[in-house]
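Notes for the one structure printed next.
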Amino acid sequence: MKYGLVLEGGAMRGLFTAGILDVMMEEKIDFDGVVGVSAGAAFGVNFNSRQHGRPIRYNKRFARDWRYCSMRSWLTTGDLFGADFAYHQVPNIYDPFDNEAFETNPTEFHLVCTDVETGQAVYKRLTQGGDECFDWVRASASMPMVSKPVHLDGKWLLDGGVADSIPLKYFERQGFERNVVVLTQPEGYQKEHNRLMPLLRVSLRHYPNMIRALDQRHLMYNDQLRYVRQREQEGTALVIRPAAPLRIGHISHKPDEMQAVYEEGRKIGKEKISAIRAFLHS
């Protein structure tokens, strides 16, 4: 039987996930495979490279650096999160990503992007570190309207959460029969229709299928929540979520705010360790 770890996105709410992942690393918890979406991919790769504390470290370090995330970056480069600085200079120079550890780790790592021309999910298993790996992560985490599409494998890609926010069904199709699912919204959350659709329609006017996917995303997401709950009740999924809404926006320039969300993830992670061990050994 194969055990999987499914990580949804949520931009800076993903630091909650980072806290949980660090606790699992400390407790030597392993999986056969990991799949991440958006921030779940950006922070989840560090689980496979065994780099405890890396996401909270570099996010706090560059919280107020315009090259990392800023309106200035968006206006001058087309990307709110600097494509070169955040996804190449940071992992290559300032806080190096351990490519060797990532490549030698037997745990599979998958991520999800959205094809802007079709509006459909694109799944990618990453086996090597380096700049192409970082670009796939960037594509998965590139939020529409504030990011330029990323060209990879002949496709133009953006945020994987648009097409598949919680890829539990995908991982089950890959043979992962029992999955730990980390969500970044509390119990009872329901996504509403995107209030920015008028702006998104203008920004993505050349991609009607992407607009359609964004327009229906709340329906897809809420249906996925129902499926996760079904699997949870059947005992094939263990779901970890925050106890209350996380007090952080999609972006943050406040290290203390980031640390608080990360610590909440650590707290929940520690509370769930016994349940995780029992689930993985049942």
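The values are calculated or read from the model by the stated rules, or taken from the named source; none is laboratory data. Nothing here was measured: the structure is a model prediction, and the numbers come from that model. Glycine also receives a Cβ, built like all others from the backbone with ideal geometry; neighbour counts cover every protein chain displayed. Accessible surface is based on the protein model in full, side chains and every heavy atom, while ligands, DNA and RNA are left aside. Shrake-Rupley method; radii C 1.70, N 1.55, O 1.52, S 1.80 Å.
With Cα atoms defining each centre, region 1-42 and region 219-242 are spaced 16 Å apart in the structure. Taking Lys and Arg as +1 and Asp and Glu as -1, the other residues whose beta-carbon sits under 14 Å from that of L225 total +1. The convex hull of the Cα atoms of region 134-212, projected and averaged over all directions, covers 7.1 nm². By definition, a body whose alpha carbon gyration tensor gives a ≥ b ≥ c is oblate when a/c is 1.5 or more and a/b is not larger than b/c, and region 157-282 fits this oblate description. If the viscosity is 0.692 mPa s and the temperature 37 °C, what Stokes-Einstein diffusion coefficient in µm²/s follows for region 43-172 when Rh is the Kirkwood radius over Cα pairs? After rounding, the answer is 216 µm²/s. Figure legend: label point modelled 7 angstrom from the Cα of Q233 along Cα→Cβ; residues of region 174-214 with amide N under 17 Å from it are 187-189.
Between K148 and E177, the modelled label-to-label distance comes to 4.7 nm, taking each label 7 Å out from Cα in the direction of the beta carbon. In sequence order, region 103-109 has phi-based couplings of 6, 8, 5, x, 5, 5, 10 Hz under the Karplus curve 6.51 cos²θ - 1.76 cosθ + 1.60, θ = phi - 60°, and Gly or Pro positions carry x.
Largest accessible area first, the listed residues S203, S165 line up as S203, S165 when surface is computed with a 1.4 Å probe on the assembled protein chains.
Classification of region 10-93 by its C-alpha gyration tensor yields a prolate form. The axis ratio a/c (a ≥ b ≥ c) is 1.5 or more, and a/b outweighs b/c. Name the shape class, rounded, prolate or oblate, that the alpha-carbon gyration tensor gives for the chain, where a ≥ b ≥ c are the square roots of its eigenvalues, rounded holds for a/c under 1.5, and otherwise prolate holds if a/b is larger than b/c and oblate otherwise. In terms of gyration-tensor shape, rounded.
Residues whose amide H falls under 5 Å from that of W156, counting only those 5 or more places apart or on a different chain, are V116, E117, with hydrogens built in the peptide plane. Across T104, T236, T118, the residue with the most accessible area heads the list, and the full order at a 1.4 Å probe is T104, T118, T236. Here the dipole of region 1-53 is about 100 debye; that uses its Cα centre as origin and unit charges on the Cβ of Lys and Arg (positive) and Asp and Glu (negative). Ignoring the sites themselves, what is the longest stretch of the chain with no trypsin sites (Lys or Arg not before Pro) in a DSSP loop and at most 13 other beta-carbon atoms within 10 Å? The longest uninterrupted stretch comes out as 65-194.
For K270, a cut-off of 21 angstrom between C-alpha atoms picks up these lysines, skipping any fewer than 8 places away in its own chain: K28. Dividing the mean sequence gap of close Cα pairs (under 8 Å, 6+ apart) by how many residues the chain holds gives a relative contact order of 28 percent. Express as a percent, rounded to the nearest 5, the fraction of DSSP beta bridges in region 1-132 (both residues included) that run antiparallel. Around 45 percent of the beta bridges assigned by DSSP in region 1-132 are antiparallel ones. Its Cα centre serving as origin, region 93-212 has a Cβ charge dipole (Lys and Arg +1, Asp and Glu -1) of approximately 760 debye. Amide H to amide H, with H built 1.01 Å from N, V37 comes under 5 Å of L7, G9, counting only residues 5 or more places away or on other chains.
Shown in residue order for region 67-78 are the 3J(HN,Hα) couplings computed by the Karplus curve 6.51 cos²θ - 1.76 cosθ + 1.60 at θ = phi - 60°: 5, 7, 7, 5, 5, 4, 4, 4, 6, 9, 10, x Hz (x for Gly and Pro).
If only the Cβ of Lys and Arg carry +1 and only the Cβ of Asp and Glu carry -1, the dipole of the chain around its Cα centre is close to 700 debye.
Counting heavy atoms of the protein chains alone, D32 has an accessible area of about 60 Å² for a 1.4 Å probe. Think of region 107-186 as having a plus end and a minus end, set by charges on the Cβ of Lys, Arg, Asp and Glu; of Q128, T118, V181, V181 sits farthest toward the positive end of this dipole.
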